[in-house]
Amino acid sequence: MAACGRVQLLLLLLLLSLCLLTVQALKPLPGFGNVHLPAAAMHQQFRAALPNPGNNAAAAASSGSRRPTGWKLAEEQACRDDVTRLCPKHSWTNNLSVLECLQDKKEDTEIAADCNHLLWNYKLNLTTDPKFESVALEVCTSTMLELKECADEERGKGYLMSCLVDHRANITERQCHQYITKMTSIIFSDYRLICGFMDKCREDINTLQCGSIAVGEKDLHSQGEVIACLERALVREAEQKDKAHQIKDECKKAIMRVAELSADDFHLDRYLYFSCRDDRERFCEHVRVGEGRVYKCLFNHKFEEAMSEKCRNALTTRQKLIAQDYKVSYSLAKACKADLRKYHCNPDTSMPRAREARLSFLLLCLESAVHRGRTVTGDCQGEMLDYRRMLMEDFSLSPEIVLHCRGEIEAHCSGLHRKGRTLHCLMRVTRGDKGTVDNLCQTALQTLIQSADPGADYRIDRALNEACESVIQTACKHIRSGDPMILSCLMEHLYTEKMVQDCEHSLLELQYFISRDWKLDPILYRKCQNDASRLCYTPGWNESSELMPPGAVFSCLYRHAYRTEEQGRRVRSTNNMHFNFTLTRDCKVEVQRILHQRALDVKLDPELQKRCMTDLGKWCSEKTDTGQELECLQDHLEELVSNCRDVVGNLTELESEDIQIEALLIRACEAVIQSHCHDVADNQIDMGNLLECLVQNKHQREMNDKCAVGVTHFQLVQMKDFRFSYKFKMACKEDVLKLCPNIKKKADVVICLSTTVRNDTLQDVKDQRVSLKCRKQLRVEELEMSEDIRLEPELHDACKKDINKFCSSVAYGNAQIIECLKENKKQLSQVCHQKIFKLQETEMMDPELDYQLMRVCKQMIKRFCTESDAKNMLQCLKLNKNSELMDPKCKQMITKRQITQNTDYRLNPVLRKACKADIPKFCQSILGKASDANELEGQVISCLKLKYADQITRLCAEEAAAQEQTGQVEECLKNNLLKIKQDECKTEVLNMLKESKADIFVDPVLHTACALDLKHHCAAINPGRGRQMSCLMEALQDKQVRLQPECKRRLQDRVDMWSYAAKIYIAEGFSDLAVQVMTSPSKNYILFMIALAVSLLFLVGLLCGRITKRVTRELKDR
């Protein structure tokens, strides 16, 4: 009895199907007539089996009476007509053949009720008669010695036969095996014949109204309905939990045991056999019976249109039982028996229906072995593939999904039951594309995906396979079918012209769940399992950990993948043991691959979607195109809630190190990368080099609009936090902490550091406070920021209204907006004007930051200024401005910058530094009126020009003179001095003539004409204070010296101009008057007249004094 109630550890292998075994195959068993029973025993049993038309119950009870030897079932009056009509003649002489023929007919009405009852009594007597059991002991002598538990079973209650059926897989005696095979067909034709089944399930059968179990009632040929009813109730209980009737545990065990024992031959599942007989002939006609082959064939055709609904339902029930206990599948249990034992996946024998018996646990356990690189037999892997595909095709096989996702299915996915469409619909709902989903439902879906493991073989997901077949054939045909890399290949072609919409949807739905458990990506798991165990303390593949859930493992891996030694990664040594906190190269490659995939869709990043759900709805509800959601979050970084801001910031920081994570951007920039950045793109470790290259080549002809917009967007995002610029962060983080604490925005950090560098430079500080590596990277950041006004947020915000007013038609980029504002500087608002002035001051101090100048004059700089320092670039260009080789556009740009410099001495750092002592000394009144908002309009420079000839130091005089470099306009004004009517303009021209007389550098036209003569005749004369001009004038007067014709002509013109200027020049003070007198041709006459006038005044004074003295004396004498 104990053996009957116990579920065995191993599957009971049912060998040959009853329909293939013929009577001739059976060897005669001693003493059995037609059925090989002893004559006395047969006589007794057949006599008991004969029906009594008036009293069936009595007939059933009269099993003790005897019948003559040689009794044949076909000769009984109750069954004679049915046997003649339904069974072939050659089987009439064998009772078991007749029994098999009659019980396998399709309709119950084909057999008379009396015959049906006679058959049942006959089978019951066969299984319970002690004499019949004695035959089993005789045939199975060796087997009984091996199976002690069967030998000890109580006789006459059917326990012996049930025990032998349980252990049939271990029976090696041929006659015993054949005998048990025949008895199996008898036992499974009626649930009451199964050992103990009626006693264990009586109450549940009555409660569920699954049929009658009264012994005396008429027994129609439909006993399989009772077991099928109980099986459906068992499935319903798993799917509805407390809402369904709770079947007793001992009955559950009996139901599962029946299903397990019938796993070999589909004939033994009577309900399924009768439901699917036509479908078997239609789809599986040539499939041999046995070893579960017919079951598998029918499973594969379950969703065919020609499959009958009744058969489909019966198959689904069978599959659900397999999902609850893998042993219900004969082929799976047999193929994986050794692997289950090898990898300790066997269920606990004390808990026959424990979780270890579930199909999902078996799959997880064996998949874990496969993912760890262990060997699992090919047959077992084939069976696993079939059942994983089965789980993905029909969601109803997972009771948790039926239980927890019922509402979502009814609301969004009704009518999509077949071929995995319901499951993908639920995935789509979970992604948020069609609504929201309950947490329990999402957990059930995640568990199912892990059990089916479609990431290991895309063919498991039939819906995905069908949707993506065309894409796989075109884009991924180089990859072996079933290879895990197929999914990666599909992801690489997501949002490309090769991708089709149905495949895109199915792929993203599956990847949503794979991205939430790193173990579901088999390549990532295989390459990173050791690193994850070492660095992230992860559990086994099919285990879980509250401390390190599956979603957190990948976060741990990518943190280690992108940590550098500067960030604190070290090889720690403890007790002579070394711990390396770096990822292996293969693992890092896989982490990068996953990050590239996640960048394609924000929903593939579990942490990002979880923390930013509210912000996505608030700020980005209209941003539904590819890649727009993450860009939207980055644009609203300051407005995000703290949790979301942190995760977006971390991702942006990661992208700054490896911009290839931005797969869509890299795809858009493929042309420019191939042309200009292929060297850095091929590097295994990016370290921010590729992004820097893209920025530097943003205006190349290969750059398309999509790429340019993407690069600019990332530049704008970087301005929100200096840590988003990886190279800048790594080079300057220590300087930022020391010099710019509590400053976060990149623009503010750049200003802070560049101001420090500038101040140290102006003050000639020996040890600069900003480190050399930071200064180098600071230069790169400043150059990048000069290209687009949006990269300087303060300037952009201050000038927004002015941009709209004066530069609305000007495009961003190439510093065009900034140039536009410079040209309209006098009309700008005060705030914008002040910012532009500060910008110009910075650019003049460091011309390399003048993006337009460097862009327009790029080739001229290479030609003339290759050896010049960057800060002297403008000065070099100015010196070569009048060269015949100078590009006209560059010359025009230089002129613009000269005009700008002449508006304020602060825009000329060279002059400012050289004259720092003289400017306060001579121009203090002008400086007192200066402000940051307004230029001095050249007042300080004019002041210096008027004073430098005799007062200012030589160096300052040269720099002041160097302000004038054009000369053509001035020359025109000088030649037309007589025609000038405005006194102010005439005065300025006279000042220029005066200045040029003091130093030839101030007169560029004369300097150019006399350059050779200066070199030949005045090379030893130091410039300044009019010395070189005096040298040329002496050469002009010396008839022995031959000057260049152009120089001689220009010098003569200057003499005439000076003579005329001296006549009309109006002295503004005593110093000007003295200069005029000393430079006048009538100097001696004027001085003589002045001396005469002074003498006369002296004499007059002397005479007046004498007269006054005489008058005073006379008054005293009185």
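The values are calculated or read from the model by the stated rules, or taken from the named source; none is laboratory data. For clarity, every value in this text was computed on a predicted model and none was experimentally measured. FYI the Cβ positions are ideal-geometry reconstructions off the backbone, even for glycines, and counts take in every protein chain you see. Just the protein is used for accessible areas: all its heavy atoms, side chains included, with ligands, DNA and RNA removed. Shrake-Rupley method; radii C 1.70, N 1.55, O 1.52, S 1.80 Å.
Here residue 724 sits with roughly 10 square angstrom of accessible surface, probe radius 1.4 Å. All Cα-Cα separations within segment 760-801 were binned at 5 Å from zero, giving a P(r) of 5, 20, 17, 17, 15, 15, 8, 3, 0, each value a whole percent of the pairs. Measuring between their Cα centroids, segment 762-791 and segment 660-712 lie 24 Å from each other.
For residue 558, the accessible area of its heavy atoms, probed at 1.4 Å with every protein chain present, is near 50 square angstrom. With each label modelled as a point 7 angstrom along the Cα→C-beta vector, the residue 142-residue 1046 pair spans 12.4 nm.
Based on alpha-carbon atoms, the Kirkwood radius and the radius of gyration of segment 252-322 give Rg/Rh equal to 0.94.
With a Förster radius of 56 Å applied to the C-beta separation of residue 90 and residue 473, the computed FRET efficiency comes to 0.55.
Quick one: grab the alpha carbon gyration tensor of segment 778-875, order the square roots of its eigenvalues as a ≥ b ≥ c, and give me rounded if a/c is under 1.5, else prolate or oblate depending on whether a/b is larger than b/c. Prolate, because a/c is 1.5 or more and a/b exceeds b/c. Here the gap between residue 1092 and residue 801, fully extended at 0.36 nm per residue and compared with their Cα-Cα distance, gives a gain of 97.8 nm. Placing dummy labels 7 Å off each Cα toward the beta-carbon, the span from residue 779 to residue 530 is 4.4 nm. Annotation: segment 658-731 has a Kirkwood hydrodynamic radius of 12.3 angstrom, from the mean reciprocal C-alpha pair distance. Residue 198 contributes about 40 Å² of solvent-accessible surface, heavy atoms of the protein only, 1.4 Å probe.
Starting from 0.36 nm per residue, how many nanometres of slack lie between residue 638 and residue 81 once their C-alpha separation is accounted for?
Numbers: separation 557, 0.36 × 557 = 200.52 nm, distance 9.09 nm.
Full extension of this stretch gives 191.4 nm more.
Here segment 321-344 is scanned for amide nitrogen atoms under 13 Å from the site 7 Å beyond the Cα of residue 375 along Cα-to-Cβ, giving 339.
Each peptide in 771-780, 441-450 receives the mean, over its residues, of other Cβ atoms within 10 Å, and ordering these scores from highest gives 441-450, 771-780.
Which entries of 434/477; 248/310; 801/916 show an alpha-carbon separation above 31 angstrom in the structure shown?
Values: 434/477 33 Å; 248/310 27 Å; 801/916 37 Å.
Table pairs above 31 Å Cα-Cα are 434/477; 801/916.
Backbone N atoms of segment 384-401 closer than 13 Å to the 7 Å Cα→Cβ label point of residue 303 belong to residues 389-397.
Between residue 170 and residue 433, the FRET efficiency from the beta-carbon distance, with R0 = 60 Å, is close to 0.65. When only alpha carbons are used to place a centre, segment 885-916 and segment 396-414 end up 76 Å from one another.
Label point of residue 671 set 7 angstrom out along Cα-Cβ; within segment 482-505, amide nitrogens under 17 Å from it belong to 497. Ordering 864, 1088 by accessible surface, largest first, gives 1088, 864; the 1.4 Å probe counts only protein heavy atoms, with every chain in place. Please state the shape class of segment 394-442: rounded when a/c is under 1.5, otherwise prolate if a/b exceeds b/c and oblate if not, all from the C-alpha gyration tensor. Here segment 394-442 falls in the oblate category.
In terms of accessible area, using a 1.4 Å probe and ignoring ligands and nucleic acids, 286, 796 rank largest first as 286, 796.
According to the square roots a ≥ b ≥ c of the eigenvalues of the Cα gyration tensor, what is the shape class of segment 611-722, taking rounded for a/c under 1.5, prolate for a/b larger than b/c otherwise, and oblate for the remainder? Here segment 611-722 falls in the prolate category. Remark: accessible surface ordering of 281, 291 (largest first) is 281, 291, probe radius 1.4 Å.
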